[in-house]
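Read through the structure below, which is laid out as structure tokens, and then see the notes.
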Amino acid sequence: MDQGRVPGIRGLTETECREILARNRLCVMALVDAAEPYAVPLYYGFDGQSMFLGVAEGRKTRALDRNPRVSVVVVETGQGTEWRSVQLAGSAAVVTGGEREQALAVLLAHNRRFREQSGESAELRPPPPRAGGRVLRIDEAVISGRASTPLPSPEPTPSRAELG
């Protein structure tokens with residue numbers, strides 16, 4: 001077995017990673033809050049190139065003010081024990097002005113598509129300005145992904161009758 005390779009797990013191409021990001025809408029963003037890790041689930045928007053997150057003011061934003069480095073993970077499950085995951089490691093940058101409006105449009109469009117597919121009301125509106133919060137873009141993102149691969153079935157053990 002090659003060093004660093006795990007049986008039953010394969011790396012994903014960047015194209016496969018971007019396809020997974022386009023097919024999903026929930027991620028977990030991990031960051032460092034003082035000396036402890038902190039991870040939160042968030043809905044995201046993805047335009048094929050950039051990931052955008054909408055976050056309320058609070059513990060997340062205070063931690064990001066001190067250290068903008070984040071890891072964002074999206075996991076997609078399949079049948080049985082199949083899974084695929086994509087990780088983005090980068091810096092969370094606050095987007096403002098016209099870029100904020102574009103990022104909000106990406107967030108809304110990305111999530112509206114999922115709501116329509118599930119039969120939910122597709123009406124989504126951006127939060128009112130008084131609600132606070134930030135729109136983030138993951139910059140300097142290093143994207144990687146892994147997936148489970150079906151393991152070969154073990155050779156059947158011969159029964160006593162077959163052994164003679």
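Summary table below
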| read-out | value |
| --- | --- |
| Filter result for Glu101 (in a loop (DSSP other than H, G, I, E, B) and modelled with pLDDT under 95) | no |
| Lone unmet requirement of (1) among the β-branched types (Val, Ile, Thr); (2) at pLDDT 95 or above; (3) loosely packed, with under 10 Cβ neighbours inside 10 Å for Ile138 | (3) |
| Unique residue being over 11 Å from the mean Cα position of the chain (by Cα), surrounded by 12 or more Cβ atoms within 10 Å (Cβ to Cβ) and free of Cβ contacts under 8 Å to residues at least 24 places away in the same chain when the list is Ala35, Ala56, Ala39, Ala63 | Ala39 |
| In segment 72-84, residue farthest from Gly145 (Cα to Cα) [restricted to those that are under 15 Å from the mean Cα position of the chain (by Cα) and either surrounded by fewer than 18 Cβ atoms within 10 Å (Cβ to Cβ) or free of Cβ contacts under 8 Å to residues at least 40 places away in the same chain (or both)] | Thr77 |
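The values are calculated or read from the model by the stated rules, or taken from the named source; none is laboratory data. Just so you know, these numbers come straight off a predicted model, no measurement behind them. Methodologically, a virtual Cβ is constructed for each residue, glycine included, from the backbone with ideal geometry; neighbour enumeration extends over all protein chains shown.
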